[in-house]
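Chemist: One structure coming up, written as structure tokens, with questions to follow.
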Amino acid sequence: MTPTVCFVDDDPDEVRRFRRYLGGRFLVGAGTSLAAALEDLRAQGPNVPDIFALDLYFPRGEPNTPEEREELAGAWARFLEAKAGLLAVLERLRQSPDGGFALARQIAELFPGIPVSFFTRKGTLEDAIEAFELGAASIVKKPDPDPDLLSVGATAEAYDAAFERDLPKVVRGIERALGLPTRPQAE
């Protein structure tokens, strides 16, 4: 039986791509809203999918216009350029996720069955995917400091304040990695 996927993305081009490239492998119901995607899936037979695949960044309210999507594409290109600059600095400083992954493999050999959670600020989506493929229990994002504090040279203070500010998120991330029930906490 072919697995069914219900895909929701606000960009019609992404919906088209998903159908085109994954439609031969999965039964795909897709649309720019949940209702449209479910309607598309139901038109093909199934009432409920095996999995929902969702765009993470989704507009609240009205869909973005083509002009807004073009603005986003330009901003994304500038982001990727800045990301490439950061990655070049990390490479020059001999920092890469390979070091953390090697450490995780070593821990898995020495302490089988003990979960490993990565705690990172610089990690990318690609790093997170590789970490989960390696068997990571979770990825917990280190709190980002206030750029205004960093710009005046208050580096340690900025990182301390960020950690204190985001402590409930960090605690919940670690609790989830341990499989513990998490309680919503005031942030």
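Chemist: Can you compute the charge dipole magnitude of the chain about its Cα centre, using +1 on each Lys and Arg Cβ and -1 on each Asp and Glu Cβ, nothing else charged? Give it in debye, rounded to the nearest 20. Walk me through the numbers on the way to the answer.
Modeler: On the way: 22 positive and 31 negative charges, 127 e Å.
Dipole magnitude for the chain comes out near 620 debye.
Chemist: Another question, if that's okay. Going by average Cβ neighbours within 10 Å, how do the peptides 101-113, 5-17 rank, with the highest at the top?
Modeler: Details: 101-113: 11.4, 5-17: 18.2.
So the peptides 101-113, 5-17, ranked by packing, come out 5-17, 101-113.
Chemist: Find how many whole Å separate the alpha carbon centroid of region 1-15 from the alpha carbon centroid of region 35-104.
Modeler: 14 Å
Chemist: Using the alpha-carbon atoms, what tilt in degrees (0 to 90, nearest 10) does helix 125-134 show relative to the longest principal axis of the chain?
Modeler: Roughly 90 degrees between the two axes.
Chemist: If you take every residue apart from ASP55 with its C-beta less than 11 Å away from the C-beta of ASP55, what net charge results, scoring Lys and Arg +1 and Asp and Glu -1?
Modeler: Cβ neighbours under 11 Å give a net charge of -4.
Chemist: Just in region 19-79: which chymotrypsin sites (Phe, Trp or Tyr not before Pro) are loop by DSSP and have at most 10 other Cβ atoms within 10 Å?
Modeler: Passing both the DSSP loop test and the Cβ count: TYR57.
Chemist: Give the cross-link partners of LYS142 among the aspartates and glutamates, using a straight C-alpha distance below 19 Å as the criterion and excluding same-chain residues fewer than 8 apart.
Modeler: ASP98, GLU126, ASP127, GLU130, GLU157, ASP160, GLU164, ASP166, GLU175, GLU187
Chemist: Could you compute the net charge surrounding ASP146? Neighbours are other residues with a C-beta less than 15 Å from the C-beta of ASP146; K and R count +1, D and E count -1.
Modeler: Summing Lys/Arg as +1 and Asp/Glu as -1 gives -3.
Chemist: For a quick check, take a GNM of the chain with Cα springs below 10 Å and name the residue from LEU80, LEU167, LEU34 with the largest mean-square fluctuation.
Modeler: Largest GNM mean-square fluctuation: LEU34.
Chemist: Can you tell me which of ASP144, ASP98, ASP50 moves the most in a GNM of the chain? Springs connect C-alpha atoms under 10 Å apart.
Modeler: Among ASP144, ASP98, ASP50, the largest GNM mean-square fluctuation belongs to ASP50.
Chemist: Turning to a different aspect of this structure: Mean residue ellipticity at 222 nm from the helices of the chain, using -39,500 (n - 2.57) per DSSP H segment of n ≥ 4 over the full residue count, to the nearest 500 deg cm²/dmol?
Modeler: Details: 8 runs with 99 residues, N = 187.
Calculated from helices alone, the mean residue ellipticity at 222 nm is -16500 deg cm²/dmol.
Chemist: Compute for the chain: radius of gyration divided by Kirkwood radius, i.e. Rg/Rh, restricted to C-alpha atoms, rounded to two decimals. Don't skip to the end; give the middle numbers.
Modeler: Details: Rg = 20.6 Å, Rh = 20.1 Å.
Ratio value, two decimals: 1.02.
Chemist: Right, next: Label region 4-54 by shape, choosing from rounded, prolate and oblate, from the square roots a ≥ b ≥ c of the eigenvalues of the Cα gyration tensor; if a/c is under 1.5 it is rounded, and otherwise prolate applies when a/b is larger than b/c, oblate when it is not. Before the final figure, lay out each step's value.
Modeler: On the way: a/c = 1.72, a/b = 1.17, b/c = 1.47.
Taking the square roots of the gyration eigenvalues as a ≥ b ≥ c, region 4-54 is oblate.
Chemist: In nm², what is the average projected area of the convex hull enclosing the Cα atoms of region 97-177?
Modeler: Projected over every direction and averaged, the Cα hull of region 97-177 covers 6.0 nm².
Read the figures in this text as sums done on the coordinates, not as results from a lab. Since this is a predicted model, take the numbers as computed values, not measurements. When we count neighbours, we look across all protein chains shown, and the Cβ atoms used for this are built from the backbone with ideal geometry, even at glycine.
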